Every structure is written in structure tokens, then in C-alpha cells.
Amino acid sequence: MPFWGLQKQLGIDLDSWLVRQSMPQPYSSAAACHAFEREWVECGHGLGQTRARRECQLEYEDFMECMNRTKMAQRLRTILEQRDKMIKQGKYTPPDYHRGKEEPRP
């Protein structure tokens, strides 16, 4: 017979670290990536781990992008490199407020 409610008796929750966005949030509002995590969990529910990794790859990538923002950081890095390249070539001049030369405010 399995240990019924063992996690509850010990005061631990092993599932909470697996499903981070589904944990109770402050002010009872949903977390930013809750929808992506929910799609990923729903996709993999009932499938084996190997099959879920293959079939739910897109949902998992969306969830990880929402959590870590790696693709967005790479895109920003590319944009800034392009901007610096254009400045060096003389094709683009940033506005004064981007160079710290704006008029002083009262």
C-alpha cells in the first residue's frame, strides 16, 4: 500500500518545483508564463516521457523562451550590433537623448 499523503504529512511538495508557474502566486494572479506551462503540461499529459519530448517540443520551447528570454536577448544583441555597425559607417546618428546630450529638465 502506498504512503497516502506522505508529502502533505512531511510538509513538502515535490511537484511544485516541476510546475513552477502553477504554484500559488502573490495576489492570486496568474504568473507571466502560466499559459505556456499549461499548454506544455496538457500536451505531455498521458504520454510517456520519450514520446512527450518528441511531440511536445514546440510547447516546451515556447515555455522556456517565456521563462529565460534567450531568443529575445539574441535578437536584441543582433539589433545592437547592426546599430553599432551603421554608426561606425556613418549611416545612422543616434538622437541626442540617446547620447546623454538632451536639454536639462527643470
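Okay, here's what the table says:
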read-out: Of residues in region 1-22 being open to solvent by 80 Å² or more (accessible area, probe 1.4 Å) and closer than 21 Å to N68 by Cα, the one modelled with the lowest pLDDT; value: W17
read-out: Selection count where residues are over 29 Å from E37 (Cα atoms), polar (S, T, N, Q) and surrounded by 10 or more Cβ atoms within 10 Å (Cβ to Cβ), scope region 67-106; value: 2
read-out: Residue check for M86: part of a helix (DSSP H, G or I) and within 27 Å of the chain's Cα centre (by Cα); value: no
read-out: Residue count, region 34-91 (criterion: modelled with pLDDT of 90 or more and of a type in the set (V, I, T)); value: 4
read-out: When residues of region 42-66 are limited to those that are of a type in the set (A, V, I, L, M, F, W, C) and in contact with a helix residue (DSSP H, G or I) (Cβ under 8 Å, 6 or more places away or on another chain), the one surrounded by the most Cβ atoms within 10 Å (Cβ to Cβ); value: F63
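The values are calculated or read from the model by the stated rules, or taken from the named source; none is laboratory data. Note that this is a predicted model, so its numbers are computed, not measured. Cβ sites come from the backbone with ideal geometry, for glycine too, and all protein chains shown count toward neighbours. Just so you know, the surface numbers come from the protein's heavy atoms only, side chains and all, with ligands and any DNA or RNA stripped out. Shrake-Rupley method; radii C 1.70, N 1.55, O 1.52, S 1.80 Å.
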